[in-house]
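> Here's a structure for you.
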Amino acid sequence: MANPSSEGDSSTASRTGSRSRMGESSLKGCGFSSFTGFRAEKEDVLRLAMPLYLRLAMLDCIKKKDVDAGDQHFQTSGSEDDPCENPVVVFINPRSGGRNGSVLQDRLQHMISQEQVFDLHNVKPDEFVRYGLGCLEKWAEKDNYAKETRKNIRVVVAGGDGTVGWVLGCLGMLHEKDQFPVPPVAIIPLGTGNDLARSFGWGGSFPFARRSAIKRALQRATNGRICHLDSWHVVVQMPGGEVVDPPHSLKTTEVCDVDQNLKIEGCVPDKVNCYEGVFYNYFSIGMDAQVAYGFHHLRNEKPYLAQGPISNKIIYSGYSCSQGWFLTPCMSDPSLSVRAIVALNLHSYGSGRNPWGNLKPDYLQKRGFVEAHVDDGILEIFGLKQGWHASFVMVELISAKHIAQ
């Protein structure tokens, strides 16, 4: 992940850089420029545009899903093509940001190039990884521009956490194939919660009214420090035959790699449906997950309701109340029972809250916990008892129920 702070900022160590100055530096770089002054801005950011023949070659490979489809552009490349100092590609989810993503796409295409700004409805991130980057890797030994572009390319994602996670998951394929370096990812936050963006200093929203902010965001994306982020593989088992519409992050699989030593209470079905995926933010089980899952489908069924982050949060809150989150407290043992269990990977949850809390060293030692980081290979497991408890946690009057790390 790319952190918007400059590389020369020595005030924060790289390990904790993802949490640095979220309220200060990140918000300054997350505005939106108007069409005014486009000519000057385009000249300033031309260094982000790749040589034309590289852009066309990559685009042909992606469209035809063939790493050989762009070969003709390399045969006709000439010295008139300028080198690219900071090559970037941008993925935009036009449904994010109150569906203003299409406006942002037009402006970024003017500032960089049409071939480097992708609508996720037309170009999927796995296609870019497989065929776009594959084209550069194929020609890296023969073409110096292709070699330098593959080495230095960065990815900017304009969308919410789901969109960012989708792109990160596809780039993760490079790890599996030992194809390095893996391009770092910067974020233009257009979603509702934007917890990934908050955790890495990109802010919780994108103020569309600020001038020259796109230019500044691109500059931070190309010059920011690179920070690391844990990714987690999750396997879900459901009773066989049950109709399930899994979220985008989970895919059907025939192999369930589950610990056979687990002690299971109750009846286990003979047949199970298995799903697997990767998550970066948090993974919920229980009422919290039910509300999020229902809201996701409500927004897809009635897209006219998704007019922006504020309206989404209002609808989400109303949907939470309708699901009995506040009306059915834990009855068996109110002091211990929970109705939602969350495995947390970030310092930001539910639009910028920190339910794990800033725990004191004495408490950490007493519980056998360690300080939480996004790259330490450890998840923070906490519980929410019911709606009222969750409400006090979300306004940070109390911490969530600490269960384990």
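The values are calculated or read from the model by the stated rules, or taken from the named source; none is laboratory data. Since the structure is predicted, the reported quantities are computational estimates derived from the model, not experimental observations. Note that we place each Cβ from the backbone using ideal geometry, even for glycine, and neighbour counts take in every protein chain shown. Protein only, heavy atoms only, side chains kept; ligands, DNA and RNA dropped before computing areas. Shrake-Rupley method; radii C 1.70, N 1.55, O 1.52, S 1.80 Å.
> Please work out how much length the chain gains when fully extended from SER102 to ALA289, using 0.36 nm per residue of separation minus the C-alpha to C-alpha distance, in nm with one decimal.
So the extension gain works out to 64.3 nm.
> Further, regarding this structure: Among residues other than LEU384 whose Cβ falls under 12 Å from its Cβ, what is the net charge (Lys/Arg +1, Asp/Glu -1)?
Value of the local net charge: +3.
> Taking a cut-off of 22 Å between Cα atoms, list the lysines near LYS385, but don't count ones fewer than 8 places away on the same chain.
Within the straight-line cut-off, LYS385 pairs with LYS313, LYS401.
> Counting only protein heavy atoms, what percent of the accessible surface of the range 232-276 is carbon or sulfur at a 1.4 Å probe?
Carbon and sulfur atoms account for 51 percent of the accessible area of the range 232-276.
> Follow-up. For TRP232, enumerate residues with amide H under 5 Å from its amide H, sequence gap 5+ or separate chain, H modeled in the peptide plane.
PHE279
> Let me ask something else about it. With a 1.4 Å probe and all protein chains left in place, how much accessible area per residue does the range 42-223 have, in Å²?
Computed with neighbouring chains in place, this is 41 Å² per residue.
> What ratio of Cα Rg to 2.2 N^0.38 Å holds for the range 42-223?
0.99
> Shifting gears a bit: Greater than 27 Å separation of Cα atoms is the criterion. Which listed pairs, LYS64/LYS142; LYS64/LYS215; LYS142/LYS215, meet it?
Too far apart for the 27 Å limit: LYS64/LYS215; LYS142/LYS215.
> Pull out the extension gain between VAL243 and ILE226, defined as 0.36 nm times the separation in residues minus the alpha carbon to alpha carbon distance; nm, one decimal.
2.0 nm
> Given a Förster radius of 60 Å and the C-beta distance between ASP126 and TRP388 as r, what FRET efficiency does 1/(1 + (r/R0)^6) yield to the nearest 0.05?
E(calc), rounded to 0.05, equals 0.90.
> Short version: ³J(HN,Hα) in whole Hz for each residue of the range 190-203, in order, from phi by Karplus 6.51 cos²θ - 1.76 cosθ + 1.60 (θ = phi - 60°), x for Gly and Pro, what are they?
So the J values, rounded to whole Hz, are 10, x, 8, x, 6, 6, 5, 4, 4, 5, 10, x, 8, x.
> LYS142 to THR76: extension gain in nm, 0.36 nm per residue of separation minus the Cα-Cα distance?
That pair, LYS142 and THR76, stretches by 22.4 nm at full extension.
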